[in-house]
Each structure stands twice: as C-alpha cells, then as structure tokens.
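A.B. asks: Mind looking over this structure? Questions follow.
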Amino acid sequence: ELAALARRYQVAPPADTAVTEVARTGRELAPGLDATLRRDGLDKVFADIEMPLVPVLEAMERTGIRLEPAVLADLSRRLEVSLA
C-alpha cells in the first residue's frame, strides 16, 4: 500500500486519491526505493525482469484472463494441505 510505503520511507503519504497526490508520493518514494533495490542487489532484476513485464501485465488487466474455477479451487485445497 502506498501510504505504508510512505511511512516506511518517511515520505508524506498522499493526502487523497487524486492522481497528482499519488504521483507526488511515488516521485518522492523513488530515490529510497531505488537505493533499497541497489542495496539488496535487486536493481538488475527490477530493470531486466520486472519492468519489461509491465506492458504484459497491463494488457492482462485490461482484457482479463480466463480462469477455471474448479481448477483454482483444487489448487487452493492442495496448497492449504501443503502449507499445513
């Protein structure tokens, strides 16, 4: 959540949900998040794997993806057993 990230990185959280407020908070968070990625050695993963996926994920969100509820329910049950 953006407000939680803002608190963690000591940035003023968005005052409301207006796009200008969300963008301001994101802009102020960027240097701290970038430093954390570099410190943890994840900057290359972010640049080479995560960012190229953005257009794909955006397209999936716009068009949606087909799910088989029965298969999803079965997977959920198997994961619950595995986690237990």
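The values are calculated or read from the model by the stated rules, or taken from the named source; none is laboratory data. Here the structure is a predicted model, which means the values were calculated and not measured. Quick note on the areas: whole protein, heavy atoms, side chains included, nothing else; ligands and nucleic acids left out. Shrake-Rupley method; radii C 1.70, N 1.55, O 1.52, S 1.80 Å.
A.B. asks: Before we move on, is Asp16 closer than 26 Å to Leu5 by Cα and over 14 Å from the mean Cα position of the chain (by Cα)?
C.D. replies: Yes, satisfied.
A.B. asks: Another question, if that's okay. Which fully enclosed helices (runs of 4 or more DSSP H) of the chain have 2 or more residues being open to solvent by less than 100 Å² (accessible area, probe 1.4 Å) and small (Gly, Ala, Ser)?
C.D. replies: Per the criteria, 2-8, 19-39, 69-83.
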